[in-house]
1. With r as the distance between the Cβ atoms of residue 63 and residue 41 and R0 = 22 Å, compute the FRET efficiency 1/(1 + (r/R0)^6) and round to 0.05.
2. Can you tell which of 60, 48, 76 lies farthest toward the positive end of the dipole of region 38-80, using +1 and -1 charges on the Cβ of basic and acidic side chains (Lys, Arg; Asp, Glu)?
3. Compute the Cα gyration tensor for region 9-84, then decide on rounded, prolate or oblate, letting a ≥ b ≥ c be the square roots of its eigenvalues: rounded whenever a/c is under 1.5, prolate when a/b is larger than b/c in the other cases, and oblate in all that remain.
4. For the pair residue 70/residue 22, report the inter-label distance in nm, with labels modelled 7 Å from Cα in the Cβ direction.
Amino acid sequence: MSIKDTIAQMITDESAAHKRLIEYVTGQLSQGRDLDAVMDDPYVTNRLDPTERRALLEEPAVVEAASGEALDQMRAQLEEIAGS
């Protein structure tokens, strides 16, 4: 299964834990934290592997909260890590 297929499956996750992570990321971004810092935060990294963090970047609320360039850079970085 390709990384894009895996991501597509993950973004349909409706679990409470997944929703809390979306809320955490969007909340941190709204407080002015950089996307890099938020995605490298222990709250996120202790709960998600790189592929799951990459999938989180496709959630509509996260896309809306993050800036385009930073979002594209983080997607590429996590795809590189996940593909290793």
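1. Working: r = 18 Å, r/R0 = 0.83.
Calculated value: 0.75.
2. Selected residue: 48.
3. Note, shape of region 9-84 comes out rounded.
4. Output for this residue pair reads 2.0 nm.
All of the numbers you see were taken from the coordinates with simple rules; none came from a lab. All of these numbers come straight from a predicted model, not from anything done at the bench. Glycine gets a Cβ as well: all are built from the backbone with ideal geometry, and neighbour counts include every protein chain shown.
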